[in-house]
Amino acid sequence: MTVGILGGTGPQGRGLARRLAAAGHQVIIGSRSAERAQQVAADYADVGEVSGGDNPEAAGADLVIVTVPYAGHADLLSSLTSELAGKIVVDCVNPLGFDQQGPFPLPVPAGSAAQEAQQILTESTVIAAFHHVSAVLLDDPAVDHIAGDVLVLGDDRDAVGEVCELATAIPGARGIYAGRLRNAGQVEAMTANLIAINRRYKAHASLMVTDLP
């Protein structure tokens, strides 16, 4: 499967590119600048099949992951409605703000970034996932096990299953169904708590669901 990563030159996009390529997926890193994306893709030439291009090129993949900052989220998706029609779009954007007191969730009129994406991409199937996996650990080639689970939310059972399977590209991770897309807001907001934990304890904490087979 080809996986496109919109905004893939950022920390989360790079980390996911590394793990997905290592698992055998063909990855297309997208960016506003195709040249920048190609430069980043070259860093992973020894990991797997990774190429770079502009965001519309990455949107041509079989499945697309959105990793852009929330400030540019709506504008980017609105510009790619045709390219993303009929596809699974995985949104892992966390609408967060930062001030002297630390990170905090931003209010989103649609309820969450994932719901906003679904409102814009009416012909796509939006799934929320990959919000809580440390970008630092994802992109560290020395790390061969990342403890934690990927919470996957969506309204299409088959698409949720496909993204849960995709999550296994992260060594040590499981994809866990965590509810309908309407529940994505609190999952995105929880990232602010994890960042606060990581800053206090100098860690790369994630979430793990207990009592599952």
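Readers should treat all values here as calculations from the given coordinates under stated rules, not as data from a laboratory. Not measured: the values here are computed from a predicted model. Cβ: placed from backbone, ideal geometry, glycine included. Neighbour counts: every protein chain shown.
General observations
- Of all residues in the stretch 147-168 being closer than 18 Å to Leu207 by Cβ and touching a residue at least 60 places away in the same chain (Cβ under 8 Å), the one that is farthest from the chain's Cα centre (by Cα): Ala147
- Count of the stretch 90-143 residues which are outside any loop (DSSP other than H, G, I, E, B), among the β-branched types (Val, Ile, Thr) and either closer than 24 Å to Val47 by Cα or in contact with a Pro (Cβ under 8 Å, 6 or more places away or on another chain) (or both): 2
- Residue satisfying all of: in the stretch 177-192; surrounded by 16 or more Cβ atoms within 10 Å (Cβ to Cβ) and free of Cβ contacts under 8 Å to residues at least 40 places away in the same chain; nearest to Val93 (Cα to Cα) among these: Asn183
- Residue match in the stretch 99-110 (condition: surrounded by 14 or more Cβ atoms within 10 Å (Cβ to Cβ) and under 15 Å from the mean Cα position of the chain (by Cα)): no
- The stretch 146-204: number of residues that are within 17 Å of Ser112 (Cα to Cα) and in a loop (DSSP other than H, G, I, E, B): 5
- Qualifying residue in the stretch 69-76 (condition: exposed (fewer than 14 other Cβ atoms within 10 Å of the Cβ) and assigned to a strand (DSSP E or B)): no
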